[in-house]
1. So what is the relative contact order for the range 5-112, in percent, with contacts set as C-alpha pairs under 8 Å and at least six apart?
2. For the range 67-110, build the charge dipole from Cβ charges (+1 Lys, Arg; -1 Asp, Glu) around the Cα centre, then report which of Gly82, Ala105, Pro72 sits farthest towards its positive end.
3. Using the Karplus curve 6.51 cos²θ - 1.76 cosθ + 1.60 with θ = phi - 60°, work out ³J(HN,Hα) for each residue of the range 29-36 in order, rounded to whole Hz, and write x for Gly and Pro.
4. Per residue, how much accessible area does the range 40-103 show when a 1.4 Å probe rolls over the protein heavy atoms, in square angstrom?
5. Please get the size of the charge dipole for the range 67-109, origin at its Cα centre, with Cβ charges of +1 on Lys and Arg and -1 on Asp and Glu, quoted in debye to the nearest 20.
6. State, in angstrom, two size descriptors of the range 19-117 derived from its alpha carbons: Rg to one decimal place and Dmax to the nearest whole number.
7. Nothing charged except the Cβ atoms of Lys and Arg (+1) and of Asp and Glu (-1): what's the magnitude of the dipole of the range 36-89 about its Cα centre? Round to the nearest 20 debye.
8. Quantify, in whole percent, the carbon and sulfur part of the accessible surface of the range 1-60 (1.4 Å probe; protein heavy atoms only).
Amino acid sequence: LSQYLPKSIRARHMQFDRFLGAIPEDMPVIAAGDFNVPPNSMFYRQFRKRLTDVFASVGLGFGYTYVLRGVPVLRIDYVWTGNGCRPLACRVGKAGPSDHRPVIAEVGVPGRMVSPAVRMGRANSHQ
């Protein structure tokens, strides 16, 4: 185990560095998925330097997405935005057949029209 962990952490660093390095500087970015890291991790902090966690910005509650024995216990799935994309609304959906709950986000993309309900601050009214 002691030999596996350092290799695993190095591999994760390389994965996250590669992902962050692939993010364009000059165009809007939305990245979503199972990142398998909790908000208190060093990897999460790396992302926060370049991107915005949509749920942390506009979501309510704990936002737990990983389900263990029927109970949501961790937030490890994210929607990230950057380069002008604005978080408008975010929530975690109900559990389904997966062991992860979906993250449902509404994001404003530069140059795209925003609905009147969103402009008036009612983006979360459909929850």
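1. Taking the mean separation of contacting Cα pairs over the length of the range 5-112, I get 27 percent.
2. Result: Pro72, furthest along the dipole toward the positive end.
3. With coefficients 6.51, -1.76 and 1.60, one gets 10, 10, 10, 9, x, 8, 8, 6 Hz.
4. On a per-residue basis, 54 Å².
5. Charge dipole of the range 67-109: 120 debye, to the nearest 20.
6. Radius of gyration, then largest Cα-Cα span, for the range 19-117: 13.9, 43 Å.
7. For this selection, approximately 160 debye.
8. 58 percent
The values are calculated or read from the model by the stated rules, or taken from the named source; none is laboratory data. No experiment lies behind these values; they were computed from the predicted model shown. So basically every Cβ, Gly included, is an ideal-geometry build from the backbone, and we count neighbours across all protein chains shown. For the accessible areas, the whole protein counts, side chains as well, though only heavy atoms, and no ligand, DNA or RNA atoms are used. Shrake-Rupley method; radii C 1.70, N 1.55, O 1.52, S 1.80 Å.
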